[in-house]
Amino acid sequence: MSSERKSTIGKHGGFDVSDDNLAVLNQGRAALVNYNFMLRVEGVFDLPCKSVKAFTRENEYENIQEGGQNDYVHMRRKPISKPFTLEVERYVGVDYFDPLPNGAELLLPIVLGVSRDPGTAKWQRTYTFTGCVVTKKTYGELNAEKAGLLVDTTTIAYREMLLVDLPYGEV
């Protein structure tokens, strides 16, 4: 590498990570914060949420020992045995319409947008959940001895989670 290139991060494993390095596109400089997010339901409702948690995408595998040899194992993908879930915590307000009633089968995907800046429509990370069904609603504690905000937790089963590379605000 030429000596006039300015290294902003330094040496990593023998490679110089610089501003004009096209081989390393994600250099981890501008990490996203976890508190600027919004949930869009049915393409119309933008829900303010306390938290969105427990969403994962994983596949189950079974190990099959190769016949006649003990040193090699084949991994085979198993059918999905339980639905993937997503938990949404929201403060209970004075909304006249709940877009996530218990038992609802949503027609459009749920879109979770994560932004670097608060109050912006440009999302840097967009998760899309398809085949969504609301399976459970849990309401928080009511306590006359201490003040607090009422929270409801909605559990949503989904079929597929997709990570959209393009930010939603630029589509």
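Quick one: would you say GLY43 is assigned to a loop (DSSP other than H, G, I, E, B) and at pLDDT below 80?
No; evaluated as a whole, the condition is false for this residue.
If ARG29 passes every condition in (1) surrounded by fewer than 10 Cβ atoms within 10 Å (Cβ to Cβ); (2) closer than 19 Å to GLN124 by Cα; (3) modelled with pLDDT of 85 or more but one, which one does it miss?
Condition (3) is where ARG29 drops out.
Residues in region 136-156 that are out of contact with any Gly (no Cβ under 8 Å at 6 or more places or on another chain) and either outside any loop (DSSP other than H, G, I, E, B) or at pLDDT 95 or above (or both): how many?
Of the residues in region 136-156, 7 are out of contact with any Gly (no Cβ under 8 Å at 6 or more places or on another chain) and either outside any loop (DSSP other than H, G, I, E, B) or at pLDDT 95 or above (or both).
Can you spot a residue in region 83-96 that is at pLDDT 90 or above, acidic (Asp, Glu) and within 22 Å of GLY140 (Cα to Cα)?
Yes - at least one qualifying residue is present in region 83-96.
As an exercise: evaluate ASN21 against (1) modelled with pLDDT under 70; (2) at negative phi; (3) exposed (fewer than 11 other Cβ atoms within 10 Å of the Cβ) and give the number of the one condition it does not meet.
(3)
The values are calculated or read from the model by the stated rules, or taken from the named source; none is laboratory data. For clarity, every value in this text was computed on a predicted model and none was experimentally measured. Cβ sites come from the backbone with ideal geometry, for glycine too, and all protein chains shown count toward neighbours.
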